[in-house]
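In what follows, a single structure is set out as structure tokens and then discussed.
The values are calculated or read from the model by the stated rules, or taken from the named source; none is laboratory data. All values reported here derive from a predicted model rather than from experimental measurement. Don't worry about glycine lacking a Cβ; one is built from the backbone with ideal geometry, like all the others, and counts go over all protein chains shown.
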Amino acid sequence: MLKKTPRTGYQFLGSGSESVADHSFRTAVIGYVLAARHSKADGQKVLLMCLFHDLPEARTGDHNYVNKRYVQVAEERAAADLVSNLGFGAEIFQLIQEFNQGETVEARLAKDADQLDLILELKEQKDLGNPYAGEWLSYALKRLTSTEAIQLASEIMETDSTDWWFEKKTDWWVNGPENSSSS
């Protein structure tokens, strides 16, 4: 269901799109990176929190910041219903609760991973010319709490969103892989 559930904030931004499943996967990858950079975090717990933090949206749908001003979401009830028939459901439910409470180092890192996924999306939209993405970025950056996330966000902001694949300082794009000096 999460693959079919769109993240709804993009309708207000005017560009970009992703499903909740897309978001959860990248959040998990980012959470893994943050936990690896933090000396005292339980990496597996961060990873699992990131994977399951939006699981209730399979029942409630995604509610962005505008929606949340007007709609009360029964997330805890949705999470309980989702896991009620699973032998390991109590563990998933506890991970979601811990994430939402945000009191442990693992929950704070998972919340930062959640924001860093948004920051990556907004940075891409800014690089593509959406003037509103920069405004949104300023708020998302302020939500980060860990040193590891703040450092990663700084790297994101200083890097063009295409740099990971578009190696501009090579002749590959002109001469192709067979004749390139960078191959």
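Results for (1) under 21 Å from G31 (Cβ atoms); (2) crowded, with 20+ Cβ neighbours inside 10 Å; (3) under 19 Å from the mean Cα position of the chain (by Cα); (4) not acidic (D, E), shown as yes or no for each residue.
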residue: Y70; (1), (2), (3), (4): no, no, no, yes
residue: E76; (1), (2), (3), (4): no, no, no, no
residue: D81; (1), (2), (3), (4): no, no, no, no
residue: G102; (1), (2), (3), (4): yes, no, yes, yes
residue: A110; (1), (2), (3), (4): yes, yes, yes, yes
residue: I119; (1), (2), (3), (4): yes, yes, yes, yes
residue: P131; (1), (2), (3), (4): no, no, no, yes
residue: L141; (1), (2), (3), (4): yes, no, yes, yes
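Would it be correct to say that K3 is in contact (Cβ under 8 Å) with a residue 12 or more places away in the chain, loosely packed, with under 14 Cβ neighbours inside 10 Å and closer than 17 Å to A113 by Cα? Show your work before the answer.
Working: in contact (Cβ under 8 Å) with a residue 12 or more places away in the chain: yes; loosely packed, with under 14 Cβ neighbours inside 10 Å: yes; closer than 17 Å to A113 by Cα: no.
No; evaluated as a whole, the condition is false for this residue.
Conditions tested, residue by residue: (1) closer than 14 Å to L13 by Cβ; (2) touching a Lys or Arg at 6+ places or on another chain (Cβ under 7 Å).
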site	(1), (2)
R108	no, no
Q115	no, yes
I119	yes, no
L122	yes, no
D127	yes, no
Y132	yes, no
S138	yes, no
K142	no, no
S146	no, yes
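Let me confirm something: among V46, V71, V66, which residue is more than 21 Å from I150 (Cα to Cα), among the hydrophobic types (A, V, I, L, M, F, W, C) and in contact (Cβ under 8 Å) with a residue 24 or more places away in the chain?
Numbers: V46 fails: more than 21 Å from I150 (Cα to Cα); V71 fails: in contact (Cβ under 8 Å) with a residue 24 or more places away in the chain.
When all the criteria are applied, what remains is V66.
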In segment 163-183, is there at least one residue being more than 25 Å from L48 (Cα to Cα) and in contact (Cβ under 8 Å) with a residue 24 or more places away in the chain? no
Residues of segment 91-100 being of a type in the set (A, V, I, L, M) and either surrounded by fewer than 16 Cβ atoms within 10 Å (Cβ to Cβ) or in contact with a Leu (Cβ under 6 Å, 6 or more places away or on another chain) (or both), which ones? L95
Within segment 121-144, which residues are touching a Leu at 6+ places or on another chain (Cβ under 9 Å) and of a type in the set (S, T, N, Q)? Q125, N130
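Right, T162: closer than 23 Å to A107 by Cβ and assigned to a loop (DSSP other than H, G, I, E, B) or not? Reasoning before the result, please.
On the way: closer than 23 Å to A107 by Cβ: no; assigned to a loop (DSSP other than H, G, I, E, B): yes.
So T162 fails the test.
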Residues that are touching a helix residue (DSSP H, G or I) at 6+ places or on another chain (Cβ under 8 Å) and more than 20 Å from L152 (Cβ to Cβ), drawn from segment 49-62: F52, D54, L55, P56, E57, A58, R59, T60, D62
Segments classed as helices (runs of 4 or more DSSP H), wholly inside segment 1-94, with at least 3 members that are modelled with pLDDT of 95 or more: 20-37, 43-52, 57-60, 75-83
